[in-house]
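Report on the following structure.
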Amino acid sequence: MEVLGSILEAVGDTPLVRLTKVAGGVRATVLAKLEMLNPGGSVKDRIGLRMIEAAERQGLLRPGGTIVEPTSGNTGHGLAIAAAIHGYRCIFVMPDKMSQEKIALLRAYGAEVVITPTAVPPESPESYYRVADRLTEEIPGAFQPNQYFNAENPAAHYDTTGPEIWRQTDGRITALVVGVGTGGTITGTARYLKERNPDLLVVGADPEGSIYSGEVHPYLTEGIGEDFWPDTFDPSLVDRWVRVGDREAFRMARRITREEGILVGGSSGTAVVAAVEVARELGPDDVVVVILPDTGRNYLSKLYSDSWLLQYGLTDRPEVLRVEEVLQAKHGDMPSLVTVNAHEKVRQAIDVLQEYSISQAPVVREAGVDVTQFVGAVHENALLDRIFRDPDALQADVAEVMGPPIALVEFDEPIEVAFEALQHGPAVLVVKAGQALGVLTRSDLLEFLAHRRPA
């Protein structure tokens, strides 16, 4: 039987997939290594077990001990899986920009999560690095693998990721593109591959705001980029840097998901933007391998949320829909404006409502569309209540039983204005230059939103 001894044995040997849509138009072959297919959903599964087993051999981690680690989430997942099998308690310290999905996933493994501010320097006692250090010192039997300084991090990729890529490409790889965080993935993988092909082009994909390729400032892409230089990173192995902004990275990540069918995180978007840029400069015999670090399931509330992208100015606002468009989209033969005269009898007003199958109508002083003539409104529920209690009201003038006028909305206002007005009443009167154009109801707006075709 083909049976694994534990889930840990499923780590690695991730496939290479050709990118045909997002890399369309380039002559070089662009291949993506799908690290989200590791059990924990990311490339960091490769280093979790390695760091724990090394600590056990060195006597730094003993049975019943506690693992404390500063992480953007993915290393925590890899450590949590290994710790669950080995029986260790886990405490992970994360900056507050990380997604709720990552936090919930760590807690699902039984880990404790401590959240710290993002916008503080690494030496601040509030930074997630220093908080993790303090917890490690305070908790008896605690051990911090510290992926930023642990040699097992790049070693894991030298022993696994590099050999896999060399074997999968039959040694034909000519360029390697990796998003750089701790630097372990690019260092270990590039070192192995450059030993076999010294001419290999190694490209570091870096978010705007990271220290590796420019000025340091806050950014939203998770898991890559840093504000200091980790010991696990050998920058001499990187031949070229490509700096990618959050907006471009997230847009590419969404394209990869929708066009290639691969659900990826924002750091994968960063890496693929860099890979396509490099591939455009290469020839048909070149093979570019880009590592896609993690799954997009960790970011459904962030880069896959249109409202979140709008909140941070990372996408264009949707087209502005005007009230007039909703009015023009009304179906059927009914006139856009049906009114009742204030001097007509209530019975006649009811006949008008029934003739056009409407539940309310504006009341006018005299026939016409000038808004100064609109003096009130009749509503079937109010008429029913009045007539049920006083049948003689059928013979009264409409002016005696009408309610206040329907709220006015200008024809060129965004539909959000009509929506807000419809929260307080069943209909609005659409006007232009002091002239009434028609009545919009909640039903009209609902039908428009349900059947309009997005631009």
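The values are calculated or read from the model by the stated rules, or taken from the named source; none is laboratory data. The structure presented is a predicted model; accordingly, all values stated were derived computationally and were not measured. Cβ sites come from the backbone with ideal geometry, for glycine too, and all protein chains shown count toward neighbours.
Screening residue 138 on (1) among the acidic types (Asp, Glu); (2) in contact (Cβ under 8 Å) with a residue 12 or more places away in the chain; (3) not assigned by TED's automatic domain parsing to the domain that holds residue 281 shows it passes everything except condition (2). Looking at the range 95-109, is at least one residue surrounded by 14 or more Cβ atoms within 10 Å (Cβ to Cβ), without any contact (Cβ under 8 Å) to a residue 12 or more places away in the chain and in contact with a Ser or Thr (Cβ under 6 Å, 6 or more places away or on another chain)? Checked against the condition, which is being surrounded by 14 or more Cβ atoms within 10 Å (Cβ to Cβ), without any contact (Cβ under 8 Å) to a residue 12 or more places away in the chain and in contact with a Ser or Thr (Cβ under 6 Å, 6 or more places away or on another chain), the range 95-109 yields no hits at all. Candidates 289, 320: the one that is on the phi < 0 side of the Ramachandran plot and surrounded by 17 or more Cβ atoms within 10 Å (Cβ to Cβ) is 289. Inspection of the range 444-454 identifies no residue that is small (Gly, Ala, Ser) and either part of a strand (DSSP E or B) or surrounded by 13 or more Cβ atoms within 10 Å (Cβ to Cβ) (or both). Does residue 268 satisfy the criteria of being more than 25 Å from residue 172 (Cα to Cα) and among the hydroxyl-bearing types (Ser, Thr, Tyr)? For residue 268, the condition - more than 25 Å from residue 172 (Cα to Cα) and among the hydroxyl-bearing types (Ser, Thr, Tyr) - is not met.
This table checks each residue for (1) assigned to a helix (DSSP H, G or I); (2) modelled with pLDDT of 95 or more; (3) in contact with a helix residue (DSSP H, G or I) (Cβ under 9 Å, 6 or more places away or on another chain); (4) not assigned by TED's automatic domain parsing to the domain that holds residue 76.
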| position | (1), (2), (3), (4) |
| --- | --- |
| 148 | no, no, yes, yes |
| 159 | yes, yes, yes, yes |
| 165 | yes, yes, yes, yes |
| 170 | no, yes, no, yes |
| 173 | no, yes, yes, yes |
| 176 | no, yes, yes, yes |
| 182 | no, yes, yes, yes |
| 185 | yes, yes, yes, yes |
| 189 | yes, yes, yes, yes |
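Quickly run through the range 63-102 and pick out the residues that are part of a loop (DSSP other than H, G, I, E, B), over 17 Å from residue 130 (Cα atoms) and among the polar types (S, T, N, Q). The answer is 99, and nothing else. Residue check: is residue 282 more than 30 Å from residue 38 (Cα to Cα) and either modelled with pLDDT of 95 or more or crowded, with 17+ Cβ neighbours inside 10 Å (or both)? Against the criterion (more than 30 Å from residue 38 (Cα to Cα) and either modelled with pLDDT of 95 or more or crowded, with 17+ Cβ neighbours inside 10 Å (or both)), residue 282 qualifies.
Note on the range 368-425: residues that are assigned to a helix (DSSP H, G or I) and within 24 Å of residue 325 (Cβ to Cβ) total 9. Within the range 257-272, which residues are surrounded by fewer than 23 Cβ atoms within 10 Å (Cβ to Cβ) and either within 18 Å of residue 176 (Cβ to Cβ) or of a type outside the set (Val, Ile, Thr) (or both)? Within the range 257-272, 258, 259, 260, 261, 263 meet the criteria. Applying the set (1) buried (at least 21 other Cβ atoms within 10 Å of the Cβ); (2) in the same structural domain as residue 169 (by TED's automatic domain parsing); (3) out of contact with any Gly (no Cβ under 9 Å at 6 or more places or on another chain) to residue 34 leaves exactly one unmet item: (1). Remark: pairs (first residue in the range 50-67, under 25 Å from residue 161 (Cβ atoms) and not assigned by TED's automatic domain parsing to the domain that holds residue 158; second residue of a type in the set (A, V, I, L, M, F, W, C) and part of a loop (DSSP other than H, G, I, E, B); Cβ separation under 8 Å; 6+ apart in sequence or on different chains) = 52/61; 55/61; 67/61. Identify the residue in the range 124-142 that is hydroxyl-bearing (Ser, Thr, Tyr) and not in a helix (DSSP H, G or I) and, among all such residues, is farthest from residue 112 (Cα to Cα). Top of the filtered list is 124. Looking only at residues of the range 219-232 that are of a type in the set (A, V, I, L, M, F, W, C) and in contact (Cβ under 8 Å) with a residue 60 or more places away in the chain, we find that the one that is nearest to residue 23 (Cα to Cα) is 224.
Among the residues of the range 370-387, those that are surrounded by 18 or more Cβ atoms within 10 Å (Cβ to Cβ) and of a type in the set (A, V, I, L, M, F, W, C) comprise 374, 377, 378, 383.
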